[in-house]
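Here is the structure we will look at.
The values are calculated or read from the model by the stated rules, or taken from the named source; none is laboratory data. If you're wondering where the values come from, they're calculated on a predicted model, not measured in any experiment. Cβ coordinates were reconstructed from backbone atoms using ideal geometry, including for glycine residues, and neighbour counts include every protein chain displayed.
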Amino acid sequence: MKHTLYLVIFIINTTLSIFGQEKQLTPLSHSADESLLKSETYVMDWLIVTDTTEVKIGEVVTQIQKKNAVIYIITQVKMKQSKSEWVDSTTVAAESFKPLYHASYNEQRDMVLKFDEQIKGYYLDKKTAIKTEILEETQQPFFDSNFYPQLIRLLPLKDSYSTSISIFDYNPKSKVGVIAATVKNTKKTTLNFNKTSIPVWKVEVTDDISDNNVLNTYYIDTRTRKLLMHEIDFGGRKMIMRLSE
């Protein structure tokens, strides 16, 4: 009888866990609120943390523009010890957030992806001068991997919220194609930001890009949905992206 009771409890808990999560999010099925995304430009300081010491190594400038049912996002990474910038451009359809275009340029490589019925583009390794033509066919809808961090702050966040996000990422040295990002947990807490205690959603995320070995923690203002801070933990090391205001 006792074993039967334990089995019933296990089945109930498992069922509740399954129904407590959304199905995998895609441009065809998601609950993100586009109105929370504003046309804006913001800067985040890029810090590396050693013990309790933070050292600024660069900054990330993000420009978001909503125009004619299209969302344009340009990200510029400026490192202190590098003369060149890392520039990423991402274009997605409004409302669905279906990817349309993604370009990325830095010292090591250039990459361009155009999303239609097929994914076409190229990857240029600047060290070897090898240019790889990209032609991918996918069997399921997805978000651009460069967009999903923006998507997270548009979701219906609440305590214990978790979900899986279908994303596409191209990397010739690792996994190629449609993979997943996972929102593991969400918690309402407070963040001491600019000497002010601000209510935030603390959202923990991993993805298949890093084989889920990197923990990304986003601190999102509950009122404005601005990203105030982003912690990156990997292999016992920590980096922080903090909004500069």
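Going by the structure shown, is Asp208 among the charged types (D, E, K, R) and modelled with pLDDT under 95?
Spelling it out, Asp208 is indeed among the charged types (D, E, K, R) and modelled with pLDDT under 95.
Please verify whether Val178 is surrounded by 17 or more Cβ atoms within 10 Å (Cβ to Cβ), in a strand (DSSP E or B) and at pLDDT below 95, treating the condition exactly as stated. Steps first, please.
Details: surrounded by 17 or more Cβ atoms within 10 Å (Cβ to Cβ): yes; in a strand (DSSP E or B): yes; at pLDDT below 95: yes.
So Val178 fits the description; yes.
Here's the yes/no breakdown for (1) assigned to a strand (DSSP E or B); (2) closer than 21 Å to Glu34 by Cα:
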{"position": "Leu113", "(1), (2)": "yes, no"}
{"position": "Gly121", "(1), (2)": "yes, no"}
{"position": "Leu124", "(1), (2)": "yes, no"}
{"position": "Thr138", "(1), (2)": "no, no"}
{"position": "Asn146", "(1), (2)": "no, yes"}
{"position": "Pro149", "(1), (2)": "no, yes"}
{"position": "Leu155", "(1), (2)": "no, yes"}
{"position": "Ser160", "(1), (2)": "no, no"}
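Could you check segment 198-245 and list, in sequence order, the residues that are small (Gly, Ala, Ser) and either farther than 17 Å from Thr62 by Cα or crowded, with 17+ Cβ neighbours inside 10 Å (or both)?
First, pick out the residues of segment 198-245 that are small (Gly, Ala, Ser): 210, 235-236, 244.
Across segment 198-245, the qualifying residues are Ser210, Gly235, Gly236.
Residue pairs, Cβ under 6 Å, 6 or more apart or interchain, first in segment 134-161 and within 25 Å of Thr189 (Cα to Cα), second of a type in the set (Gly, Ala, Ser) and part of a strand (DSSP E or B). List them.
Pairs that qualify, where the first residue is within 25 Å of Thr189 (Cα to Cα) and the partner is of a type in the set (Gly, Ala, Ser) and part of a strand (DSSP E or B), are Tyr148/Ala181.
Applying the selection to segment 141-164, what residues are more than 23 Å from Tyr123 (Cβ to Cβ) and hydrophobic (A, V, I, L, M, F, W, C)?
Hits for segment 141-164 are Leu151, Ile152, Leu154, Leu155, Leu157.
Which ranges mark the strands (runs of 3 or more DSSP E) fully within segment 28-98 that have 3 or more residues being more than 28 Å from Ser164 (Cβ to Cβ)? Spell out how you get there, then give the answer.
On the way: elements: 40-50, 53-67, 70-79, 86-93.
Passing ranges, in order: 40-50, 53-67, 70-79.
For segment 197-205, indicate whether the set of residues that are out of contact with any Cys (no Cβ under 6 Å at 6 or more places or on another chain), small (Gly, Ala, Ser) and not in a strand (DSSP E or B) is non-empty.
Checked against the condition, which is being out of contact with any Cys (no Cβ under 6 Å at 6 or more places or on another chain), small (Gly, Ala, Ser) and not in a strand (DSSP E or B), segment 197-205 yields no hits at all.
Please pick out the residue among Asp88, Asp116 that is surrounded by 18 or more Cβ atoms within 10 Å (Cβ to Cβ) and closer than 24 Å to Ala180 by Cβ.
Of the residues listed, the single one that is surrounded by 18 or more Cβ atoms within 10 Å (Cβ to Cβ) and closer than 24 Å to Ala180 by Cβ is Asp88.
Can you tell me which of Ser197, Ser210 is closer than 27 Å to Lys98 by Cα, out of contact with any Lys or Arg (no Cβ under 9 Å at 6 or more places or on another chain) and not basic (Lys, Arg)?
Numbers: Ser197 fails: closer than 27 Å to Lys98 by Cα.
Ser210 is the lone residue from the list that is closer than 27 Å to Lys98 by Cα, out of contact with any Lys or Arg (no Cβ under 9 Å at 6 or more places or on another chain) and not basic (Lys, Arg).
Quick grid of which residues meet (1) surrounded by fewer than 14 Cβ atoms within 10 Å (Cβ to Cβ); (2) at pLDDT below 50; (3) of a type in the set (Lys, Arg):
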position	(1), (2), (3)
Ile18	yes, yes, no
Tyr42	no, no, no
Val60	no, no, no
Asn68	yes, no, no
